[in-house]
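The values are calculated or read from the model by the stated rules, or taken from the named source; none is laboratory data. Just so it is clear, the model here is predicted, and its values are computed rather than measured. Glycine also receives a Cβ, built like all others from the backbone with ideal geometry; neighbour counts cover every protein chain displayed. The accessibility values were calculated without ligands, DNA or RNA, using every heavy atom of the protein model including side chains. Shrake-Rupley method; radii C 1.70, N 1.55, O 1.52, S 1.80 Å.
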Amino acid sequence: EVIAAGQQVLEAMANGSRGYGFEWIHYPWGSAYYAEHGVMMDPKGLEMLQESDAIYFGAVGWENVPDHTSLWGLRLNITQNFDQWANIRPVKFLPGIESPLRMDTSALDWIVVRENSEGEYAGLGGRNLSGRGPGYEVAVQTALFTETGCERIIRFAFDLALTRDVPKVSSVTKSNAQQYGMVLWDEVFRRVAADYPEVETESVLVDAMSARFVLAPQSLSVVVASNLFADILSDLGSALAGSLGLAASANLNPERRFPSMFEPVHGSAPDIAGRGISNPVGAIASAALMLDHLGLPGEARRLEAAIGSVTASGPKTRDVGGAAGTQEVTDAVIAALAQ
Ligand code: GGG
């Protein structure tokens with residue numbers, strides 16, 4: 001639903017004859033596909049996707065497939081094999097959206113940079129390791145931190161900070177307890193920071209950063225963290241900005257060897273899926289990130305301005321206190337683009 005909404009918006013933009021267009025290939029991969037084929041995507045799916053300039057992705061997960069099967073079979077299959085190692089998740093406080101924070105939120109604006117290729121999502125480990133049988137099973141899940149993996153995402157965060165009004169990077173770990181991988185991360189962070197003397201830095205433990213998101217979010221600009229920590233923190237950030245339905249993300253292969261993937265932060269929301277009431281803003285804002293990646297930054301800003309004018313005074317879905325449906329909000333964004 002939300003991807004169809006984003007496609008309508010992009011088509012409306014391209015139809016304004018601004019010198020670009022879209023050619024869409026729709027791949028029906030997901031849990032319904034799994035029910036029919038026993039796999040989440042075509043076995044040649046990566047080769048098929050490789051032909052595209054970008055991937056516009058909805059959400060993964062449904063009740064008929066275990067979550068780890070659907071996530072690894074589709075989303076992580078793509079992000080890991082296409083080395084989309086930088087996941088950027090802006091936390092935007094849009095006009096007209098009420099935040100649960102008790103403060104003036106109008107100037108709040110930070111970006112969570114998620115390491116997207118290793119860490120706790122390395123997929124390393126196993127079950128039944130003790131061989132001792134039911135009731136005594138042992139499972140191991142290992143996080144992987146490589147110096148090159150840490151360095152590339154930390155450098156990415158610093159380069160991003162240089163483009164922002166407040167050039168500051170907050171690095172988040174739990175290196176007091178995770179004494180190997182996250183200590184390596186902290187060391188790499190200090191080393192890379194030395195190359196960026198104009199950027200303010202801090203290293204914060206993830207528990208303290210969770211509290212900071214709520215108590216002092218004005219102190220944040222770019223927050224870089226491991227795969228799992230940044231996933232959790234970005235959900236917290238989206239909720240503080242008013243709804244998970246608003247949050248956009250980009251899974252980038254910065255070297256452009258593979259297509260990058262743009263998706264709303266939210267999941268498949270089985271409780272409301274298919275009812276025409278999902279908030280399309282997260283998916284539409286992800287389309288704006290895709291426009292940036294495709295070399296159309298002016299169009300990306302134009303789309304973000306249209307989203308802002310709709311959240312400020314247009315129809316709203318129920319997650320942000322309105323009663324409008326997905327299509328009504330989509331139509332309003334398209335109308336705002338025309339103004
Ligand atoms: N559009 C994002 C999405 O589908 N998320 C599903 C999910 O469960 N993701 C977990 C993760 O990526 O860590």
(message) Given the criteria in contact with a helix residue (DSSP H, G or I) (Cβ under 9 Å, 6 or more places away or on another chain) and without any contact (Cβ under 8 Å) to a residue 24 or more places away in the chain, does A287 qualify?
(response) no
(request) Just give me the residues in region 263-292 being within 14 Å of the ligand (Cβ to nearest atom) and of a type outside the set (A, V, I, L, M, F, W, C), in sequence order. (result) E263, P264, H266, G267, S268, P270, S278, N279, P280, G282, S286
(message) Checking the structure you have, find out if any residue of region 305-328 is free of Cβ contacts under 8 Å to residues at least 12 places away in the same chain, farther than 30 Å from N81 by Cα and open to solvent by less than 30 Å² (accessible area, probe 1.4 Å).
(response) yes
(message) When you check S170 against the structure, is it modelled with pLDDT of 95 or more and either closer than 24 Å to M103 by Cβ or touching a Gly at 6+ places or on another chain (Cβ under 8 Å) (or both), yes or no?
(response) yes
(request) Working only within region 32-63, note down all residues that are part of a loop (DSSP other than H, G, I, E, B) and within 15 Å of the ligand (Cβ to nearest atom). (result) M40, M41, F57, G58, A59, V60, G61, W62, E63
(request) State all residues of region 226-242 that are away from the ligand (no atom under 15 Å from the Cβ) and in contact with a strand residue (DSSP E or B) (Cβ under 8 Å, 6 or more places away or on another chain); if no residue qualifies, say none. (result) L240, A241
(request) Could you list all residues from region 234-244 that are buried (at least 23 other Cβ atoms within 10 Å of the Cβ) and assigned to a helix (DSSP H, G or I)? (result) S234, G237, S238
(request) Can you work out which of the residues in region 64-95 that are within 13 Å of the ligand (Cβ to nearest atom) and assigned to a loop (DSSP other than H, G, I, E, B) is nearest to M290 (Cα to Cα)? (result) Q84
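Kindly evaluate A323 against the criterion of being assigned to a loop (DSSP other than H, G, I, E, B) and within 16 Å of the ligand (Cβ to nearest atom).
Considered against the rule, which asks whether it is assigned to a loop (DSSP other than H, G, I, E, B) and within 16 Å of the ligand (Cβ to nearest atom), A323 comes out as no.
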(message) Just checking, does region 282-290 include any residue being open to solvent by 30 Å² or more (accessible area, probe 1.4 Å) and either part of a loop (DSSP other than H, G, I, E, B) or modelled with pLDDT of 95 or more (or both)?
(response) no
(message) Return the residues of region 248-259 that are away from the ligand (no atom under 14 Å from the Cβ) and polar (S, T, N, Q); say none if nothing qualifies.
(response) N253
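Any chance you could count how many residues in region 143-173 are within 22 Å of I232 (Cβ to Cβ) and open to solvent by 50 Å² or more (accessible area, probe 1.4 Å)?
2
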